[in-house]
Structure formats: C-alpha cells, structure tokens
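Working notes, structure below.
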Amino acid sequence: QVQLVESGGGSVQVGGSLSLSCTASGHTFSSLSMGWFRQAPGKEREFLALISRDDSPFYGGSPAAGRFTVARDNTKSTAYLQLNRLKPEDTAIYYCAVHYDGSLTSARSYNTWGQGIQVTVSS
C-alpha cells in the first residue's frame with residue numbers, strides 16, 4: 001500500500017516561488033508515475049503535471065506549463081513540483097498522486113493521493 005506525504009507548502013507573495021515535495025513509502029518508487037493536481041475552493045481538481053517512471057515530464061497544456069517544473073529523485077522516493085512566478089490564482093490545495101491507468105490528466109486515473117498541502121499567494 002503506497003502512502004504519500006506532501007510538504008513544502010505555505011504562503012508567498014505574488015511573483016515568489018515554492019518547492020513542493022511528495023515522499024512515497026510502501027512501494028518501489030521508481031516504478032510509479034507521479035502526478036500533481038490542485039484544487040481551489042469551489043473548483044474541480046485540476047491537473048498540473050506528471051513525472052513518469054522513466055523521468056519524463058508531462059504538462060499537457062495545464063496551467064503549470066512554463067511556470068512550474070516537475071521532477072523526481074528515486075533515491076529519496078520523492079517527487080517535486082517547483083512553483084515559480086506565483087499568482088493569486090495559484091492559491092489552492094496541492095496534491096500528489098500515483099497514476100494508475102488511463103488519461104494522464106484525469107483525476108480518476110490516479111488511485112493513491114497525498115493529504116494535500118496549502119499554497120497561498122497574496123498580493
């Protein structure tokens with residue numbers, strides 16, 4: 001049973017940066033493709049990025065493209081999402097998840113989720 005723990009969220013001013021981490025346990029991390037999503041109040045969960053098991057990033061035209069960077073370190077069983085040039089509309093709870101099957105951008109394709117971590121961007 002995979003367990004995911006996110007860290008690194010917090011509050012930042014417009015234009016600032018944050019680095020999110022997602023550490024996995026209970027499974028061979030190198031065999032997992034890891035996705036990042038976010039959910040703002042009153043909105044649906046939104047796909048941001050995926051780092052595949054072979055270390056290929058995928059953004060799929062998400063809001064992350066151009067400002068956020070996804071990466072992984074298999075030696076630390078950790079996936080990362082670097083958030084740059086943050087805007088107030090980036091305020092949300094950010095989640096990492098394990099891709100199971102199907103569409104890379106659909107939350108229904110992910111079967112294990114972290115607890116989520118708050119990111120707040122203020123002007």
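Loop sites by DSSP among the trypsin sites (Lys or Arg not before Pro) of the chain, restricted to those with at most 13 other Cβ atoms within 10 angstrom, leave 1-42 as the longest stretch without any of them.
Scalar couplings 3J(HN,Hα) for the stretch 39-46, obtained by applying the Karplus form with A = 6.51, B = -1.76, C = 1.60 to θ = phi - 60°, are 9, 8, x, x, 10, 6, 5, 10 Hz; x denotes Gly and Pro.
Sequentially through the stretch 55-72, phi angles give Karplus couplings (6.51, -1.76, 1.60; θ = phi - 60°) of 6, 9, x, 9, 10, x, x, 6, x, 6, 4, x, 10, 10, 10, 9, 7, 8 Hz, Gly and Pro residues having no value and appearing as x.
Farthest toward the positive end of the dipole of the chain, out of T112, W36, L18, is the Cα of L18, where the dipole comes from beta carbon charges about the Cα centre. Spacing of the modelled spin labels on A65 and K43, each 7 Å from Cα toward Cβ, amounts to 1.7 nm. When you filter the GluC sites (Glu not before Pro) in the stretch 29-123 for DSSP loop state and at most 16 other Cβ atoms inside 10 Å of their Cβ, you are left with E44.
Residues in the stretch 1-41 near a label at A107, defined as backbone nitrogen under 18 Å from the 7 Å Cα→Cβ point? In the stretch 1-41, the label zone of A107 (backbone N under 18 Å from the point 7 Å along Cα→Cβ) covers 4-6, 34-41.
Database remark: amide H of A49 closer than 5 angstrom to the amide H of W36 (H placed geometrically; neighbours at sequence offset of 5 or more, or on other chains; Pro and chain starts carry no H).
The numbers here are math on the coordinates, done by the rules we state, and not lab data. All figures in this text were calculated on a predicted structure; none of them were measured in a lab. Backbone-built Cβ (ideal geometry, glycine too); neighbour counts: all protein chains shown.
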